[in-house]
Amino acid sequence: MQEMTGAEMVVQALRDNGVKHIFGYPGGAVLPIYDELFQQEDIEHILVRHEQGAGHAAEGYARSTGNVGVMLVTSGPGATNAVTPLQDALMDSIPLVCITGQVPTTLIGSDAFQECDTVGITRPCTKHNWLVRDVNELAAILHEAFHVARTGRPGPVVVDIPKDIQFSTGTYTPPQTAPRTSYHPRVHGDAEAIKAAIELMKTAKRPVIYSGGGVVNAGTEASLLLRELVNLTGFPITSTLMGLGAYPASGENWLGMLGMHGTYEANMVMHDCDVMLCIGARFDDRITGRIDAFSPNSKKIHIDVDPSSINKNVRVDIPIIGDAGTVLEDMVRLWRATAKADKDGLKPWWDQINRWRSRNSLAYKHSDDVIMPQYAIQRLYELTKDRKTYITTEVGQHQMWAAQHFGFEEPNRWMTSGGLGTMGYGLPAALGVQIAHPDALVIDVAGDASVQMTIQEMSSAVQYNAAIKIFILNNQYMGMVRQWQQLLHGNRLSHSYTEAMPDFVKLAEAYGCHGIRCDKPSELDAAIKEMIETPGPVIFDCRVANLANCFPMIPSGKAHNEMLLPDEATDEAVANAIDEKGRMLV
Amino acid sequence: MSAHLQPTGSAYFITKETSKAEKRTLAVLVDNEPGVLARVIGLFSGRGYNIDSLTVSETEHEQHLSRITIVTHGTPNVIEQIKHQLERIVPVHRVVDLSEVAQERNQDNPLERELAMIKVKGKGDARVEALRLADAFRAHVIDANTEHFIFEITGRVSKIEQFIAIMKPLGLVEVCRTGVAAMNRGPEGL
């Protein structure tokens, strides 16, 4: 028990919860906390240029370390600018603690300067939030905030602290393990359900494992267990966008990503399987395609820590509620004790899979004159794969190409905005990753449109000498928007072309970092090497083919087995991929 | 799945729900802290669920526990989601589906009662008739002068609806209702 001010408590609570870095932006309502930060050295504050950047940086930090990310912003506009990363973290289950300043208690409700109803605005985009009304409750609330953010299905929380609370003195209480009686996330899966799942898996002739971000969130141990389960069972495995890296892309049972821009083999396997084991994924609409034609003949096992994910979009036969790592541990143990991989039984299935694989659905037409975006990602992968490389992305075609063509071998190396699809996520996320891993190679695979949404954070990267590499696949368009306009709207490219593009090399120089431009396939390798070898931050303007489309693709309203493959994607097929009735409903 | 999906060609799929909606009464035990009701209501509006009736009051003062009674309707899938989503709210202790419990115990429905105050203004025959009907409905007069009555009536929702309908031609002025309070029959607790 210690007497201290509210502002001191904030810093002490951060210390007691193991926080080393926070991302933030000062303002009137948080000045007492900033004053405390100034007078200590345990916690390093990273100054961003916009509060959205602080949020995404904290998300990147959290996703790449497995720890809670922390952001600190002021009241009013500081808090409203934090809304996008909060919702982003909610949808992708990223543990994030956001501390906001608030106007003094006596002014709340008076429309004071920089006042907003922060807990009201952030209620639907957080796992939980608190307005602190008494300095003696502040420490307990902060500890509880960390507990809620990191346990169960991780997510963002907001602690809103009025300025008078920051100034006033009260009693600091140290962290407790179970601060609240109503909140009990289930960790251990039901033993009977796990047993039933293993029994079902033993009988499978055409099985598939479909894993998601929940495995990555469950820690590196969970990814190791997943790999072990795949090896023990001999089952093929695919993963969602968020789950890439949990099973290595070089692993022989790897099918590639599934879903709208997933591989042909992954989607065909999902469609034709007889037993589906879903681990830490949530049957999102980008994954399932047309839901009444989704994997019609399979028995489905679903492991998820969040009971509300079960039976939400797809009815499953065996639900298992629990932490992916804990349940995987039980499954591996039970499989070892009672089952053996049925190599002969699975052979016809693998033969079929290999026929699908031979369609080579990620193929594209190479060009000697222009850089194909897929080629750029492939070269980036080849030239960085021997290093400790972290990839972040923005949102759009480049994101899908990165997911398809970059081989992820480890979990926590791939940071992308999956659920919310936030353009502008990648650059600040890269900053957060680089702060957490100063010696690693951190690359934001970006699009020319997305990157401009948070480009101001280059200034933060330069300030902290965070050597992030912004690798822009510059096609002058909002590529994914243009692709959909081509597919759905008669190729009327309404406002998807950026007519006044900045000179990214000059922009890099203006920020005080290094700029590189490359538009020839023959010069790409040397340029990428230059980027890697540059000690500081780099903006790489990679000029790619302007009108390349991202394939394969499940056109909307179609099932997994009705994919549009690149070799079939003639102009005519693209134009007719979606029927007239469908266009009306967009 | 019972839902029929229309192939749309849209970025999203548009679902046409074909299974029948059913009425459910839920009891939700929550920590009585600021904003908890907003969390529950926000969940319903944000996810497009229905609220037919909602009542809330602190029921255990020492533990600061409130009991929220929600009457909702939806397809079985939606009802299942509502319960899971409510359980996700951090200050929610328990969600009990009273309708489901009643079915398990071979009872029709949980006991449901509502209280209403009903103001009726009138003179002469209408006034006499209002008082006579109120007596038949076991409504009490809790305020009156020569021109009006305020009745207090407790009972099932249907009874209150009926009473209000009857009072309409007799000079109904104002209605205030509490919403439904509900509990399962039998000796067992929540």
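The values are calculated or read from the model by the stated rules, or taken from the named source; none is laboratory data. As the structure is a computational prediction, the values presented were derived from the model and not from experiment. A quick note on method: Cβ atoms are made from the backbone with ideal geometry, for glycine too, and the neighbour counts reach across all protein chains shown.
Structure values in brief
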| quantity | calculated |
| --- | --- |
| Selected residue (only one of A:316, A:332 is within 14 Å of another protein chain (Cβ to nearest Cβ) and at pLDDT 95 or above) | A:316 |
| The range B:87-116 - residue that is of a type outside the set (S, T, N, Q) and more than 23 Å from residue B:30 (Cβ to Cβ) and, of those, farthest from the other protein chains (Cβ to nearest Cβ) | B:116 |
| Checking residue A:360 against (1) modelled with pLDDT under 95; (2) touching a Leu at 6+ places or on another chain (Cβ under 6 Å), the condition it does not meet | (2) |
| Residue B:151 vs. criteria surrounded by 14 or more Cβ atoms within 10 Å (Cβ to Cβ), free of Cβ contacts under 8 Å to residues at least 40 places away in the same chain and either aromatic (Phe, Trp, Tyr) or in the same structural domain as residue B:96 (by TED's automatic domain parsing) (or both) | yes |
| Verdict on residue B:106 being without any contact (Cβ under 8 Å) to a residue 40 or more places away in the chain, on the phi > 0 side of the Ramachandran plot and out of contact with any strand residue (DSSP E or B) (no Cβ under 8 Å at 6 or more places or on another chain) | yes |
| Any hit, the range A:50-70, residues being aromatic (Phe, Trp, Tyr) and free of Cβ contacts under 8 Å to residues at least 60 places away in the same chain | no |
| Test: residue in the range A:510-518 that is part of a loop (DSSP other than H, G, I, E, B), surrounded by 15 or more Cβ atoms within 10 Å (Cβ to Cβ) and in contact (Cβ under 8 Å) with a residue 40 or more places away in the chain | yes |
| In the range A:459-489, residue farthest from the other protein chains (Cβ to nearest Cβ) [restricted to those that are under 21 Å from residue A:379 (Cβ atoms) and β-branched (Val, Ile, Thr)] | A:468 |
| Among the candidates A:464, A:497, residue that is under 19 Å from residue A:48 (Cβ atoms) and not basic (Lys, Arg) | A:464 |
| Residue within the range A:549-566 that is modelled with pLDDT of 95 or more, of a type in the set (A, V, I, L, M) and closer than 16 Å to residue A:373 by Cβ present | no |
| Strands (runs of 3 or more DSSP E) enclosed by the range B:1-67 - at least 1 residues per element that are modelled with pLDDT under 95 and charged (D, E, K, R) | B:14-16, B:22-31, B:53-60 |
| Residue match in the range A:40-48 (condition: touching a residue at least 60 places away in the same chain (Cβ under 8 Å) and in contact with a Pro (Cβ under 6 Å, 6 or more places away or on another chain)) | no |
| Test: residue in the range B:76-83 that is more than 14 Å from chain A (Cβ to nearest Cβ) and of a type in the set (S, T, N, Q) | no |
| Residue ranges of strands (runs of 3 or more DSSP E) in the range B:91-190 with at least 3 members closer than 28 Å to residue B:79 by Cβ | B:92-97, B:111-121, B:181-183 |
| Breaking point among (1) touching a Pro at 6+ places or on another chain (Cβ under 7 Å); (2) over 30 Å from residue B:102 (Cβ atoms); (3) not acidic (Asp, Glu), for residue B:128 | (1) |
| Unique residue being surrounded by fewer than 18 Cβ atoms within 10 Å (Cβ to Cβ), of a type in the set (Lys, Arg) and in contact (Cβ under 8 Å) with a residue 12 or more places away in the chain when the list is B:24, B:47, B:39 | B:47 |
| Looking only at the range A:284-313, and only at residues there that are closer than 24 Å to residue B:79 by Cβ and either acidic (Asp, Glu) or within 19 Å of the chain's Cα centre (by Cα) (or both), the one that is nearest to the other protein chains (Cβ to nearest Cβ) | A:292 |
| Tabulated pairs, the range A:298-314, first within 25 Å of residue A:205 (Cβ to Cβ), second acidic (Asp, Glu) and surrounded by fewer than 23 Cβ atoms within 10 Å (Cβ to Cβ), C-beta under 8 angstrom, 6+ apart or interchain | A:298/A:274; A:299/A:274; A:299/A:317; A:300/A:317; A:301/A:317 |
| Among the candidates B:94, B:127, residue that is surrounded by fewer than 19 Cβ atoms within 10 Å (Cβ to Cβ) and among the basic types (Lys, Arg) | B:94 |
| Lone qualifier among A:244, A:232, A:224 - being away from chain B (no Cβ under 14 Å), buried (at least 24 other Cβ atoms within 10 Å of the Cβ) and of a type outside the set (Ser, Thr, Tyr) | A:244 |
| Filter result for the condition that a residue is surrounded by 16 or more Cβ atoms within 10 Å (Cβ to Cβ), more than 25 Å from the chain's Cα centre (by Cα) and not assigned by TED's automatic domain parsing to the domain that holds residue A:419, over A:198, A:237, A:209 | A:198 |
| Test for residue A:277: is it closer than 30 Å to residue A:549 by Cβ, aliphatic (A, V, I, L, M), touching a strand residue (DSSP E or B) at 6+ places or on another chain (Cβ under 9 Å) and modelled with pLDDT of 95 or more | no |
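Residue by residue, here is whether (1) assigned to a helix (DSSP H, G or I); (2) more than 14 Å from every other protein chain (Cβ to nearest Cβ); (3) surrounded by fewer than 24 Cβ atoms within 10 Å (Cβ to Cβ); (4) touching a residue at least 24 places away in the same chain (Cβ under 8 Å) holds:
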position: A:80; (1), (2), (3), (4): yes, yes, yes, yes
position: A:98; (1), (2), (3), (4): no, yes, no, yes
position: A:113; (1), (2), (3), (4): no, yes, yes, yes
position: A:140; (1), (2), (3), (4): yes, no, yes, yes
position: A:147; (1), (2), (3), (4): yes, no, yes, yes
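Every residue, every condition in (1) more than 20 Å from the chain's Cα centre (by Cα); (2) in the same structural domain as residue B:30 (by TED's automatic domain parsing); (3) touching a residue at least 60 places away in the same chain (Cβ under 8 Å), yes or no:
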| position | (1), (2), (3) |
| --- | --- |
| B:57 | no, yes, no |
| B:61 | yes, yes, no |
| B:68 | no, yes, no |
| B:75 | no, yes, yes |
